[in-house]
Amino acid sequence: QVQQVESGGGLVEAGGSLRISCAASGRTFSSIAMGWFRQVPGKEREFVAVISESGSTIYYGDSVKGRFTISRDRAKNTVYLQMNNLKPEDTAVYYCAGTLSYPTAVAAKFDYWGQGTQVTVSS
């Protein structure tokens with residue numbers, strides 16, 4: 001069982017940067033892939049990034065490639081999402097998730113979800 005709590009969201013101007021964190025608990029954290037998704041009201045949850053348990057495999061959604069970076073600190077049981085050059089369309093609730101499967105962009109394959117953190121980018 002893995003439980004995670006996101007933090008670090010907030011309001012930032014377009015072009016700015018923000019780093020959000022996901023602190024996880026549970027013995028299996030270090031052995032599972034972790035990802036970030038985002039969602040705005042009325043839309044489906046969108047894949048942002050995923051990182052394998054070792055950190056050697058990383059995938060990004062097309063809309064964030066080159067701007068966002070996912071990383072993990074296994075000693076701290078924490079996953080990070082560094083977001084640079086933020087745009088108003090990045091505004092969403094960002095969710096941290098863990099999957100017992102291989103790294104994937106498919107939300108349905110994730111088994112553990114955090115409560116989300118709001119990121120708002122002003123124009």
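Take the residues in the range 82-123 that are among the aliphatic types (A, V, I, L, M) and farther than 12 Å from Leu18 by Cα, then tell me which one is nearest to the chain's Cα centre (by Cα).
Within the range 82-123, the match that is nearest to the chain's Cα centre (by Cα) is Ala97.
Taking the residues in the range 87-103 that are open to solvent by less than 60 Å² (accessible area, probe 1.4 Å) and of a type in the set (A, V, I, L, M) as candidates, determine which candidate is modelled with the lowest pLDDT.
This residue is Ala97.
Residues checked against (1) open to solvent by 50 Å² or more (accessible area, probe 1.4 Å); (2) part of a loop (DSSP other than H, G, I, E, B); (3) at pLDDT below 95:
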{"site": "Val48", "(1), (2), (3)": "no, no, no"}
{"site": "Ser54", "(1), (2), (3)": "yes, yes, yes"}
{"site": "Tyr59", "(1), (2), (3)": "yes, no, no"}
{"site": "Val64", "(1), (2), (3)": "no, yes, no"}
{"site": "Ser71", "(1), (2), (3)": "no, no, no"}
{"site": "Val79", "(1), (2), (3)": "no, no, no"}
{"site": "Gln82", "(1), (2), (3)": "yes, no, no"}
{"site": "Asn85", "(1), (2), (3)": "yes, yes, no"}
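Taking Ala33 as the residue in question, decide whether it is surrounded by 15 or more Cβ atoms within 10 Å (Cβ to Cβ), among the aliphatic types (A, V, I, L, M) and free of Cβ contacts under 8 Å to residues at least 40 places away in the same chain.
no
Of everything in the range 96-111, what is touching a helix residue (DSSP H, G or I) at 6+ places or on another chain (Cβ under 9 Å) and assigned to a strand (DSSP E or B)? Give them in sequence order.
Ala97, Gly98, Thr99
Go through the range 108-123 and give me each residue that's closer than 16 Å to Ala92 by Cα and open to solvent by less than 30 Å² (accessible area, probe 1.4 Å).
Gly114, Gly116, Thr117, Val119, Val121
The values are calculated or read from the model by the stated rules, or taken from the named source; none is laboratory data. Everything numeric in this text was worked out from a predicted model, so none of it was measured. Here the Cβ is made from the backbone with ideal geometry for all residues, glycine too, and neighbour counts use every protein chain on show. Accessible surface areas use protein heavy atoms only, side chains included; no ligands, DNA or RNA. Shrake-Rupley method; radii C 1.70, N 1.55, O 1.52, S 1.80 Å.
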